[in-house]
Amino acid sequence: MATLKATVTIAGGGLAGLSLAAGLRLRGVPVKVHEAGSYPRHRVCGEFISGAAPATLEALGIADAFADALPRRSLIWLSEGKLVHCDDLPEPALGISRYRLDARLRERVTELGGEVIEHSRQVREPLEGLVWTAGRIPAKSRWIGLKCHFRDLAMKADLEMHLGSNGYAGLAGVEDGRVNVCGLFKVDRALRGSGSELLLSYLEQGGNDVLAKRLRGAVVDEDSFAAVAGFSLGRQPELPGLCVLGDAESMIPPFTGNGMSMAFQAAELALEPLEEWSKGFLDWDDCRAAIRSALHRRFRRRLNAAQALHPVLMYGSGRHLVKSLGRARLLPFRPLLSLVR
Ligand SMILES: Cc1cc2nc3c(=O)[nH]c(=O)nc-3n(C[C@H](O)[C@H](O)[C@H](O)COP(=O)(O)OP(=O)(O)OC[C@H]3O[C@@H](n4cnc5c(N)ncnc54)[C@H](O)[C@@H]3O)c2cc1C
C-alpha cells in the first residue's frame, strides 16, 4: 500500500522553488508552488549559468530545459573599455533567458503533476511544510540591478564583463540572437532615463561609454528591460523557524555568475530531507536543520570568497589592482574562479 505523503508548500516560483518542486515530484512528493507573479517574465539576471553540474539538473528532473541553451566558454574582462583578461572557462557555462527558462521549469513542474499557482503572494512566516524560495529579502542598500536584451550586437567573446567606476555589467548571448546586458551599479539618484536609457546612463557614468555607444548601435528590446533595487548581498536576514532556500537564504554577488547554479544546488540538497519529512520519517524541525546545515557546508566558502572579492571590483583601488595584474598577465583568474564555485 502506498504511504500517504504530506504536501510540501513552496513560496516563490523562481529557479530554487520550481527546481525543488520538479525534483520532489520526481520522487513522488506532492508539491504546491505559490508564485507572486506570472510566466513568462523578464527578470534582472545575467542569464549566464556557470557551475551547474549536469548531475544536479538530472536529479531535479530539469535537464531537458537546457537542451538548447547556448554553451558559453570564452570570456573577456575589460575595465572602462580596456582589456584586462581573456580566458576560457574550464567548463562551458549556459546561456538562456530567464523569460524562457522560468516558463519551461513551470511547465515541467506541471508535467510532473505539481501544482503552480500564479499571482499568489505568500506571507513570510514559519509554518510546517513551507519552504521559502521567494528570492532576496528587501533591504536598504546602495545597489541597483538593470538588464535589457539587444539584437544585432557583435560579441567579442561568449561573455564580456565590463568593469566601471560605478559597478559592472556582463554581456552574454542567449537564444534567438539576443544578447543580454545586465549590470550591478551603485545607485545614483541623479541619473535619469527609463528602460534601456537608464542602463546606458549607468554605463556611461562608469566610464563605459564605448560600450554604451556600441549598444546604441544595436536593436534594443525595451519589453525585456527589468530593474531591481533594495537588496543586500550575502546572507539574508533569518526568520527563526523558517525553511529557506536560494537567494532568500543567501545572495552571492552577481559577478560570480553562480547564483542560479546555487539555487539548483540548494534545491538538490533539500530533496532528501523534504522527502523524508513528507513520508513522516523526519520531523519538521530536524528536516529544516538538515537542510540548513547542508547549505552552510556547501556554500560557506564560496559566499565568503565572493563577498571578499566584491569590493575589489566595486572600488577604485581594487579595480586598479585588477588592471595592473591583468596588464602583467598575473591575474589568477582560474584559482579565483574555483574559490567561488
Ligand atoms: C544584477 C544581477 C545579475 C545576476 N546575474 C546572474 C548570472 O549571470 N548568473 C547567475 O547564475 N546568477 C545571476 N544572478 C543571481 C540569480 O538571478 C539568482 O541567484 C537566482 O535568480 C536565485 O533564484 P531564486 O529562485 O532564489 O530567486 P528568484 O529567481 O528571485 O525567484 C524568487 C521568486 O519568488 C517570487 N516571490 C517573491 N515574493 C513572493 C511571495 N511573497 N510569495 C510568493 N512568491 C514570491 C518572485 O516573484 C520570484 O519569481 C544575478 C543577480 C542580479 C541581481
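The values are calculated or read from the model by the stated rules, or taken from the named source; none is laboratory data. For clarity, every value in this text was computed on a predicted model and none was experimentally measured. Reconstructed Cβ throughout: ideal geometry from the backbone, glycine too, with neighbour counts over all protein chains shown. Keep in mind that these areas ignore ligands, DNA and RNA; they rest on the heavy atoms of the full protein, side chains included. Shrake-Rupley method; radii C 1.70, N 1.55, O 1.52, S 1.80 Å.
Tabulated results
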| quantity | calculated |
| --- | --- |
| Criterion: under 25 Å from VAL340 (Cα atoms), over 15 Å from the mean Cα position of the chain (by Cα) and not polar (S, T, N, Q) - qualifying residue of PHE255, PHE185, PHE231, PHE225 | PHE185 |
| Output for segment 102-127, where each listed residue is touching a residue at least 12 places away in the same chain (Cβ under 8 Å), assigned to a helix (DSSP H, G or I) and not acidic (Asp, Glu) | ALA103, ARG104, LEU105, ARG106, ARG108, VAL109 |
| Enumeration of residues in segment 66-75 that are open to solvent by 20 Å² or more (accessible area, probe 1.4 Å) and either away from the ligand (no atom under 11 Å from the Cβ) or under 21 Å from ALA227 (Cβ atoms) (or both) | ALA67, ASP68, LEU70, PRO71, ARG73, SER74 |
| Looking only at segment 105-130, and only at residues there that are basic (Lys, Arg) and surrounded by fewer than 18 Cβ atoms within 10 Å (Cβ to Cβ), the one that is nearest to the ligand (Cβ to nearest atom) | ARG121 |
| Residue among SER293, SER324 that is away from the ligand (no atom under 16 Å from the Cβ), over 30 Å from LYS32 (Cβ atoms) and open to solvent by 10 Å² or more (accessible area, probe 1.4 Å) | SER324 |
| From the options ALA36, ALA53, ALA63, ALA59, residue that is open to solvent by 10 Å² or more (accessible area, probe 1.4 Å) and in contact with an Asp or Glu (Cβ under 6 Å, 6 or more places away or on another chain) | ALA59 |
| Selection from segment 4-19 of residues that are crowded, with 24+ Cβ neighbours inside 10 Å, outside any loop (DSSP other than H, G, I, E, B) and not hydrophobic (A, V, I, L, M, F, W, C) | GLY17, SER19 |
| Selection status of LYS147, over 21 Å from GLY318 (Cα atoms), touching a strand residue (DSSP E or B) at 6+ places or on another chain (Cβ under 7 Å) and open to solvent by 40 Å² or more (accessible area, probe 1.4 Å) | no |
| Segment 20-60, subset in contact with a helix residue (DSSP H, G or I) (Cβ under 6 Å, 6 or more places away or on another chain), hydrophobic (A, V, I, L, M, F, W, C) and part of a loop (DSSP other than H, G, I, E, B), residue nearest to the ligand (Cβ to nearest atom) | CYS45 |
| Residue in segment 129-142 that is of a type outside the set (Ser, Thr, Tyr) and in contact with a Pro (Cβ under 8 Å, 6 or more places away or on another chain) present | yes |
| Looking only at segment 131-142, and only at residues there that are touching a helix residue (DSSP H, G or I) at 6+ places or on another chain (Cβ under 9 Å) and farther than 15 Å from PRO30 by Cβ, the one that is most open to solvent (accessible area, probe 1.4 Å) | ARG136 |
| Filter pass, ASP209 being within 24 Å of GLY170 (Cβ to Cβ), within 15 Å of the ligand (Cβ to nearest atom) and not hydrophobic (A, V, I, L, M, F, W, C) | no |
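Yes or no, residue by residue, for (1) in a helix (DSSP H, G or I); (2) within 17 Å of the chain's Cα centre (by Cα):
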residue	(1), (2)
ALA267	yes, yes
PHE281	no, no
ALA290	yes, no
ALA294	yes, no
PHE299	yes, yes
VAL312	yes, no
ARG319	yes, no
